[in-house]
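A quick write-up on the structure given underneath.
The values are calculated or read from the model by the stated rules, or taken from the named source; none is laboratory data. Everything numeric in this text was worked out from a predicted model, so none of it was measured. Cβ atoms come from the backbone with ideal geometry, glycine included; neighbour counts cover every protein chain shown.
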Amino acid sequence: MEELKYLSGFGSEFTSEDPRRPGALPVGQNSPQRCAYGLYAEQLSGSAFTAPRHDNKRSWLYRIRPSVVHKPFKRSNVSKYLTHNWDEADPDPNQVDFVAGLHTVCGAGDPRSRNGIAIHVYLCNATMQKSAFYSSDGDFLIVPQEGVLMITTEFGKMQVRPNEIAVIQLGMRFSVAVDGPTRGYILEVFDGHFKLPDLGPIGANGLANPRDFLTPVAHYEDREIPGFKIINKYQGAIFEAEQNHSPFDVVAWHGNYVPYKYDLSNFMVINSVSFDHCDPSIFTVLTCPSVRPGVAIADFVIFPPRWSVQENTFRPPYYHRNCMSEFMGLILGSYEAKEGGFLPGGASLHSMMTPHGPDDRCFEGASKAALVPQKIAVGTQAFMFESSLSMAITKWGAETCQKLDAKYYECWQNLPKLFTDKINI
Ligand SMILES: O=C(O)Cc1cc(O)ccc1O
Ligand SMILES: [Fe+2]
């Protein structure tokens, strides 16, 4: 596979120019009367013009044709299981467990009011031909679980493998090439954009460090392609429009509204080194904040390989009822709270206030384990999309996929009553 170059940084002001056209990027201004090489200037706005400076996101693209050169959009049936109809299936507070197929699994809210999320799973074994996709509804956080994605964007190319993630923000057009079976998860947020979490007393460094986020460098193709399709997700429905050229014709660009990728093995893990179990918010990679301080529309949280050293502590996750919804997936290996019951590519949803926690085997083992320093989660990567929204499951997620584990609840039913009249057990 080709060796790609990237720009490093999170939220930075980048500049990039395809080396085949030096001087394509205007100096000192965005809109020259005539751009170099006969290029068109186009601004892609990721925030309201008037958003405060720290939240203001936009990029300027210098391209062979402006994006407006296309025929009208028509409804498309390319992905009939992408939906925002959260009323298709009856509400169900039970713990659910399923193996991924493709399509929208669950979500809440509405892109029309720019508030909500959708969680999709994807499964593909073919490269997108003569087509590019963009969402007008939200930013896509893509979590590959199997297979490498070669993603061509208007900003350049990214190669994203399992244990890496990619973020493609609202409106950015991209096309995916694959080389074999490919599967993964997508968190789409209708509000705002992902940020690095504040670090508070942790200090200036740690968790996901900004310089490990990689953005593609400008790379253009100058291709006439009759019948090229621009596929658009708009208010939960799919549309397509035809044009006769590649949309990946950006010769140079600058700005702070960009696609990026991140290798999860670069995450610097913070944890308790004395006693007790920290809340999993210490493992937040990215967060999409709501307007309520400290409350996320969605957090992307991982459970990376790490040392476990806490003394006099039940070390695995605690039993829990949460005012947030917890959707979990598994990229590699197994998850400590459910070693047998959760497979890579599978998912679980613990809805708002639905109890959950370690299965009986995990409880028994960890209650008796010798608390020596131990490297845990080696060769594994579980993750969580945690949301302040109460999510509905789609009909596909609940029924059509036929992967629902009706026996999931059994993993807790053999938890014994241990109550005695002895204070020390
Ligand atoms: O497995 C879960 O449910 C996620 C989770 C992990 C953890 O370490 C503490 C709380 C929690 O909800
Ligand atoms: Fe939980």
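A quick yes/no check of all residues on (1) modelled with pLDDT of 95 or more; (2) part of a strand (DSSP E or B):
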residue: PRO197; (1), (2): yes, no
residue: ASN205; (1), (2): yes, no
residue: ARG211; (1), (2): yes, no
residue: LEU214; (1), (2): yes, yes
residue: GLU221; (1), (2): yes, no
residue: PHE228; (1), (2): yes, yes
residue: ILE238; (1), (2): no, yes
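Per the listing GLY227, GLY236, the residue uniquely in contact (Cβ under 8 Å) with a residue 60 or more places away in the chain, in the same structural domain as THR153 (by TED's automatic domain parsing) and within 20 Å of the chain's Cα centre (by Cα) is GLY236. Of note, PHE327 does not satisfy the criterion of being crowded, with 16+ Cβ neighbours inside 10 Å, out of contact with any Pro (no Cβ under 7 Å at 6 or more places or on another chain), of a type outside the set (Gly, Ala, Ser) and over 21 Å from TYR81 (Cβ atoms). Selection over region 291-306 of residues that are surrounded by 15 or more Cβ atoms within 10 Å (Cβ to Cβ) and either within 13 Å of ligand 1 (Cβ to nearest atom) or closer than 14 Å to LEU196 by Cα (or both) gives a count of 10. Sub-6 Å Cβ pairs linking a first residue in region 272-288 that is more than 15 Å from LEU196 (Cα to Cα) and in a strand (DSSP E or B) to a second residue that is charged (D, E, K, R) and more than 16 Å from ligand 2 (Cβ to nearest atom), at least 6 apart or interchain, are PHE275/GLU311, ordered by first then second residue.
Here's the yes/no breakdown for (1) assigned by TED's automatic domain parsing to the domain that holds VAL301; (2) in contact with a Gly (Cβ under 8 Å, 6 or more places away or on another chain); (3) under 21 Å from ASN271 (Cα atoms); (4) modelled with pLDDT of 95 or more:
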| position | (1), (2), (3), (4) |
| --- | --- |
| GLY329 | yes, yes, no, yes |
| ASP359 | yes, yes, no, no |
| VAL372 | yes, no, yes, yes |
| ALA382 | yes, yes, yes, yes |
| THR400 | yes, no, no, no |
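Within the option set ALA392, ALA377, being of a type outside the set (Val, Ile, Thr) and away from ligand 1 (no atom under 15 Å from the Cβ) holds for one residue only, ALA392. Does ILE393 count as more than 14 Å from ligand 2 (Cβ to nearest atom), crowded, with 23+ Cβ neighbours inside 10 Å and not aromatic (Phe, Trp, Tyr)? Yes. Checking GLY116, GLY171 one by one, the residue that is at positive phi, assigned to a strand (DSSP E or B) and in contact (Cβ under 8 Å) with a residue 40 or more places away in the chain is GLY116 and no other.
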